[in-house]
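Working notes, structure below.
The values are calculated or read from the model by the stated rules, or taken from the named source; none is laboratory data. Just so we're clear, the structure is a prediction, and the values are computed from it rather than from any experiment. Every residue, glycine among them, receives a Cβ derived from its backbone with ideal geometry; neighbour counts consider all protein chains shown.
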Amino acid sequence: MKTIKEIEKIGFFEEIENKIVLIEWPEKIEKILKKKIDILFIRKKK
C-alpha cells in the first residue's frame, strides 16, 4: 500500500472497529487513526 486512498479502497477502516489490528506500516495511517495503542517489541540478542 502506498497511499491512504489505497488503504481506504480495501475497506481497512471499516474492518478495524472494536478489533485488535497489527500494522506493519503505521507511519502511513497514524494521523488518521482516532484510537491506538503503540506496542514496541524488542528482541534481545543472546
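Let's see how each residue does on (1) surrounded by 10 or more Cβ atoms within 10 Å (Cβ to Cβ); (2) in a loop (DSSP other than H, G, I, E, B):
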{"site": "Glu6", "(1), (2)": "yes, no"}
{"site": "Glu17", "(1), (2)": "no, yes"}
{"site": "Ile20", "(1), (2)": "no, yes"}
{"site": "Ile23", "(1), (2)": "yes, yes"}
{"site": "Lys31", "(1), (2)": "no, yes"}
{"site": "Ile37", "(1), (2)": "no, yes"}
{"site": "Ile42", "(1), (2)": "no, yes"}
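Can you go through Lys9, Lys5, Lys31, Lys44 and tell me which one is of a type in the set (Lys, Arg) and at pLDDT below 75?
On the way: Lys9 fails: at pLDDT below 75; Lys5 fails: at pLDDT below 75; Lys44 fails: at pLDDT below 75.
Sole residue among the options that is of a type in the set (Lys, Arg) and at pLDDT below 75: Lys31.
Would you pick out the residues in segment 7-46 that are among the β-branched types (Val, Ile, Thr) and touching a Lys or Arg at 6+ places or on another chain (Cβ under 8 Å)? Write out each step before concluding.
Step one: of segment 7-46, the residues among the β-branched types (Val, Ile, Thr) are 7, 10, 16, 20-21, 23, 29, 32, 37, 39, 42.
Within segment 7-46, just Ile7 meets the criteria.
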